[in-house]
1. For segment 196-236, what are the residues that are part of a helix (DSSP H, G or I) and either free of Cβ contacts under 8 Å to residues at least 12 places away in the same chain or assigned by TED's automatic domain parsing to the domain that holds R103 (or both)?
2. Among the numbered criteria (1) closer than 16 Å to R57 by Cα; (2) more than 26 Å from the chain's Cα centre (by Cα), which one does G3 miss?
3. Hey, can you tell me all the residues within segment 194-223 that are of a type outside the set (F, W, Y), buried (at least 20 other Cβ atoms within 10 Å of the Cβ) and within 26 Å of S159 (Cα to Cα)?
4. I'm trying to understand the selection: among the residues of segment 175-189, which are over 12 Å from L154 (Cβ atoms) and out of contact with any Gly (no Cβ under 7 Å at 6 or more places or on another chain)?
5. What strands (runs of 3 or more DSSP E) lie completely within segment 1-119 and have 3 or more residues being small (G, A, S)?
6. Scan segment 180-192 for residues that are under 13 Å from S170 (Cβ atoms) and in a helix (DSSP H, G or I) and jot them down.
Amino acid sequence: MPGPVKTEAIVLRSLRYGEADRILHLYTPHRGRLSAIAKGVRKARSRFGGRLEPFFRVDALLHEGRSDLLTVTGVETLAGHPRLRERAASLDVAARCCDAVGRLFATDDPHPGVYALLANELALLEADPVHATAANAIAFRLKLLLAAGFAPQLAACASCGDRDHVVGFSGAAGGVVCGACEANAFPLDEDAHAFMVAALGRPLAEAPEAEPRALAQAERAILETLEHHAHLRLRPVGAR
């Protein structure tokens, strides 16, 4: 219904529009992803200042009209994450996390857990550069798979249920597979399997580290799962 909308939001993306405006992609706890226009935000004396840049967590006052594009009428900063912006590695991980949320949860369906997960990830990147790793970014994506209902089967073969002879991963099957079911699978080392299990079971602040080969296999598992079941391609994180 048209009228004012007050909500917390994380700025996922900011795009220049016209001479002084910006189009914003916002993620909110109870309205999912929203698009909004911030009019005059690029003017030197804009009342919004620099509070609508990517990764800002804000209290936003929006006006909802007849179109899908809301209008920003007020904003207060809850967390600007200034230290995150000083480190290239933290910026890169933050950008990939916001991109993944915006693409995997692209509707206005509410997912408060996803909002909390992203807010927690940005806070971790702000607090300590030790979290700005490929392992952390991949662990974040695994948790997004869980939230989206695409969590991979890791306890037993996704095709036949065998628990003892798991040797590969199949995106089509949705998880690990045994030797008898590996026709369309790629090899999954024990280290990669252990990383995925631990990453799903631990808080983001305690995400495990792993060798580049294991991380590459875990990331491939995520990408192939999304391609087969969500018809979505994310940009690879890549082990650094």
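1. Answer for segment 196-236, where residues must be part of a helix (DSSP H, G or I) and either free of Cβ contacts under 8 Å to residues at least 12 places away in the same chain or assigned by TED's automatic domain parsing to the domain that holds R103 (or both): A198, G201, E206.
2. Looking at each condition in turn, G3 falls short on (1).
3. M196, A199, A214, L215, Q217, A218, E219, A221, I222, listed by residue number.
4. Across segment 175-189, the qualifying residues are C178, G179, A180, C181, A183, N184, D189.
5. Filter on segment 1-119 gives 3-17, 32-38.
6. A180, C181, listed by residue number.
The values are calculated or read from the model by the stated rules, or taken from the named source; none is laboratory data. Computed from a predicted structure; not experimentally measured. All Cβ positions, even for glycine, are placed from backbone atoms using ideal geometry, and neighbour counts span all protein chains on display.
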